[in-house]
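Everything on this sheet refers to the single structure shown next.
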Amino acid sequence: MDAATKTIEEFAGQEYKYGFVTEVDSDVVPPGLDESVIRLISEKKEEPSWLTQWRLRAYRHWRTMAEPRWPKVHFPKIDYQAISYYAAPKKKSEGPKSLEEVDPEILATYEKLGIPLKEQEVLAGVAVDAVFDSVSVATTFREKLSELGIIFCSFSEAVKEHPDLVREYLGSVVPYTDNFFASLNSAVFSDGSFCYVPKGVQCPMELSTYFRINAANTGQFERTLLIADEGASVSYLEGCTAPMRDENQLHAAVVELVALAGAKIKYSTVQNWYPGDASGRGGIYNFVTKRGACRGEASKISWTQVETGSAITWKYPSCILQGDGSIGEFYSVAVANSRQQADTGTKMIHIGKGTRSTIVSKGISAGYGQNSYRGLVRITPKATGSRNFTQCDSMLLGDKCGAHTFPYIEVQNDSSQVEHEASTSKIGEDQIFYCNQRGISTEDAVSLIVNGFCKEVLAELPMEFAVEAQKLLGISLEGSVG
Amino acid sequence: MILEIRNLHAGIEGTEILKGIDLTVKAGEVHAIMGPNGSGKSTLAGVLAGREEYEVTEGEVLFRGENLLEMSPEERAAAGVFLAFQYPVEIPGVNSAYFLRTGLNSIRKSRGEEELDALDFLKLAREKLKLVQMDEAFLKRSVNEGFSGGEKKRHEIFQMAVLDPVLGILDETDSGLDIDALRIVAAGVNSLRRADNAFLVVTHYQRLLNHIIPDVVHVLLDGRIVQSGGKELALQLEAEGYDRIKQAATV
Ligand SMILES: Nc1ncnc2c1ncn2[C@@H]1O[C@H](COP(=O)(O)OP(=O)(O)OP(=O)(O)O)[C@@H](O)[C@H]1O
Ligand SMILES: [Mg+2]
């Protein structure tokens, strides 16, 4: 083994700095899943009966389904009866939710994660909904947003205060029958974020949800629903972390986006769930369904994701381009280091005339990591004059990791164009030496080269988060080459 | 004394390429190294800069009295060794300014000097760009990506100017330069010459040495320095080729 390969192997010794556990009193439902558990969750959340019924329908459907085994990932059978489906930090008192009421331990947790929730300390121009285990613990800047008619709150509150909106849109993009994990989520989802931007309103600040898994042996099943009404625009960001634990934990979320005519939604994710240790023990199974519908003419949905964490990532943020001239975008960076496995990509379904989509995927594999891009571009017969551009690049660090691409392209009319470019590169010893020769350490060189490789994607992130994501990329690959 | 190479043997995967090099470079000097293709010039440059694939099997190298071979490539850079690459490497997506500032600041940090912020760096970079008559636009472009052959070489000298090394090693920086660029690059190098630094200039052509006047010219043949002389040696080689030296060496 040459020196460079050896040093590349050492690269797997990464550190996860969000791995601490917060001591809070939690209300945890005992492990196991049946109709009574679903009724209990629904009851705890004081839900209307239509929602309880919807959950139960989802559950009954889920029981007829099997885990998907087509992704290029391997994991032992999950015992769905061993998972607790609801964990909530106990509230100190009842009544309207305000920051004073949030357990100081939890506030401190978010502080430690770099997400201060006290508004005066919050990054200017970012409103945060903090989801701790199964429930939303705080949402900032709500008043300011509500002056513009923007609703930004936890999913549970939305069910209570805006039932019509929830009822109209819930499951309208990702039906409860969609896939195994989406169905499970529909049955047991606990909380998440809800956002509605009214006609013609440009949301003046970044909205963000920060997800934290804390409790052990629980799954996190949150649901996000975001609606941009005609001509509205919004930029939304989610971040995720979890403690280091030896067991795997399941995270099966659903995100639904709806863009009406002329609306624009930008949805960015910086996913840094605990990836497990170097030998592949522990870590989050991140099985997520994200989909956006460009319902109206000239609407636009843009997904940007930086996926550095999780033991397994299985997600395909997609766009259904129904409105004529609507636009879908997917910009992705996925890292698979140590024993991480990532199977991620997107689906662009072109239905309206003259619809356009862009896919830029950057996969980075290191250690024994396995990274797959899986994408579908479907241009239906009616979607005349549509275009897709796909660029799919893989970078390998070391020779034990793998990169795979599975592009599926279906073009069903003659006037549309699809372009696909793909490349695989190895991080070059020449590149590293060149950096070294200019005084840059190998670790910094890797971070520099990887960030350069991901530049087009990072450029899509809101400024503050781009910096954060860059650091994260450096950290998640620390020690891969040394 | 800036550089002392004694009986240096180095090779790759068991094949010896450098077969006993002795070379001493004093402060203020410029040494030219000439020699046919494959004689080991780039290998020597690479060994000095710390390229990992070469294995040193014998001999020693002192840089200002310190054991150079024990240092990592970045430590050598910090100590003041600069290599202008024969084939500069592309780094897609990383702009030249950011790249060089990262390098400069790592070096400054290791020397206990204050790091330069983006603005101060820009000032310095602008000044040095003038030296090689390069446009500021290059700072925003990805390192070496899409640069023409000549631009890459000038960009190397620009970097050298910013990092201001104690020992600048130029590996065929003149290859691929047009006549004007050759002059510009040579003038750039000359302006960096001082009493307390030195240059090792690898070249195939005497042309460059008309502009950068060397104190000593060495001929490297099959991993050994077979002849050293004044700048006339370069002229003689240009006129005669390597045949006579090769014959002499095999006798
Ligand atoms: N990485 C390598 N693997 C195998 N052989 C190598 C390697 N690097 C150098 N060599 C061999 O070592 C010898 C010296 O190469 P080097 O590049 O040092 O020559 P050079 O004098 O710089 O030649 P040129 O004038 O063509 O640049 C050559 O025979 C070359 O093929
Ligand atoms: Mg050479």
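The values are calculated or read from the model by the stated rules, or taken from the named source; none is laboratory data. In this text, all values refer to a predicted model and were calculated from it rather than measured experimentally. For neighbour counting, all protein chains shown are included, and Cβ atoms are generated from backbone atoms with ideal geometry for every residue, glycine included. Accessible surface areas use protein heavy atoms only, side chains included; no ligands, DNA or RNA. Shrake-Rupley method; radii C 1.70, N 1.55, O 1.52, S 1.80 Å.
What to note about this one:
- A count restricted to the stretch B:35-49 and to residues that are more than 9 Å from ligand 1 (Cβ to nearest atom) and either of a type in the set (S, T, Y) or closer than 22 Å to B:K231 by Cβ (or both) stands at 0.
- Listed by first and then second residue, the pairs linking a residue in the stretch A:229-242 that is of a type in the set (F, W, Y) to a residue that is surrounded by 24 or more Cβ atoms within 10 Å (Cβ to Cβ) and modelled with pLDDT under 90, with Cβ atoms under 7 Å apart and 6 or more places separating them unless they lie on different chains, are A:Y236/A:L207; A:Y236/A:S208.
- Each residue in the stretch A:296-316 was checked for being modelled with pLDDT of 95 or more and either open to solvent by 10 Å² or more (accessible area, probe 1.4 Å) or outside any strand (DSSP E or B) (or both), and 5 pass.
- Boolean, B:E156 is without any contact (Cβ under 8 Å) to a residue 60 or more places away in the chain and either open to solvent by less than 40 Å² (accessible area, probe 1.4 Å) or at the interface with chain A (Cβ under 10 Å from one of its Cβ atoms) (or both): no
- Residue that is away from chain B (no Cβ under 14 Å), modelled with pLDDT of 95 or more and more than 21 Å from the chain's Cα centre (by Cα), where the choices are A:G385, A:G439, A:G479: A:G385
- Residues that are among the charged types (D, E, K, R), more than 17 Å from A:S357 (Cα to Cα) and in contact (Cβ under 8 Å) with a residue 12 or more places away in the chain, drawn from the stretch A:394-433: A:D399, A:K400, A:K426, A:E429
- Going through (1) under 16 Å from the mean Cα position of the chain (by Cα); (2) surrounded by 16 or more Cβ atoms within 10 Å (Cβ to Cβ) one by one, B:Y87 falls short only on (2).
- Strands (runs of 3 or more DSSP E) enclosed by the stretch B:19-105 - at least 1 residues per element that are within 14 Å of chain A (Cβ to nearest Cβ): B:55-63, B:81-84, B:91-95
- Residue check for B:E52: within 16 Å of ligand 1 (Cβ to nearest atom), of a type in the set (D, E), crowded, with 16+ Cβ neighbours inside 10 Å and without any contact (Cβ under 8 Å) to a residue 40 or more places away in the chain: yes
- Condition check for A:A445: within 25 Å of A:Y368 (Cα to Cα) and more than 14 Å from every other protein chain (Cβ to nearest Cβ): no
- Some residue of the stretch A:463-471 being of a type in the set (D, E), under 27 Å from the mean Cα position of the chain (by Cα) and more than 14 Å from every other protein chain (Cβ to nearest Cβ): yes
- Screening B:R101 on (1) out of contact with any helix residue (DSSP H, G or I) (no Cβ under 6 Å at 6 or more places or on another chain); (2) charged (D, E, K, R); (3) open to solvent by 50 Å² or more (accessible area, probe 1.4 Å); (4) away from ligand 2 (no atom under 16 Å from the Cβ) shows it passes everything except condition (1).
- Restricted to the stretch A:424-436, and to residues there that are more than 15 Å from B:V94 (Cα to Cα) and touching a Leu at 6+ places or on another chain (Cβ under 8 Å), the residue that is nearest to the other protein chains (Cβ to nearest Cβ) is A:S425.
- Picking from residues in the stretch A:344-361 that are surrounded by 24 or more Cβ atoms within 10 Å (Cβ to Cβ) and under 21 Å from the mean Cα position of the chain (by Cα), the one that is nearest to A:A466 (Cα to Cα) is A:S361.
- Filtering the stretch A:175-203 to residues that are surrounded by fewer than 24 Cβ atoms within 10 Å (Cβ to Cβ) and within 15 Å of A:I265 (Cβ to Cβ) leaves A:Y196, A:P198, A:K199, A:G200, A:V201, A:Q202, A:C203.
- Residue within the stretch B:160-174 that is open to solvent by 60 Å² or more (accessible area, probe 1.4 Å) and either touching a helix residue (DSSP H, G or I) at 6+ places or on another chain (Cβ under 9 Å) or polar (S, T, N, Q) (or both) present: yes
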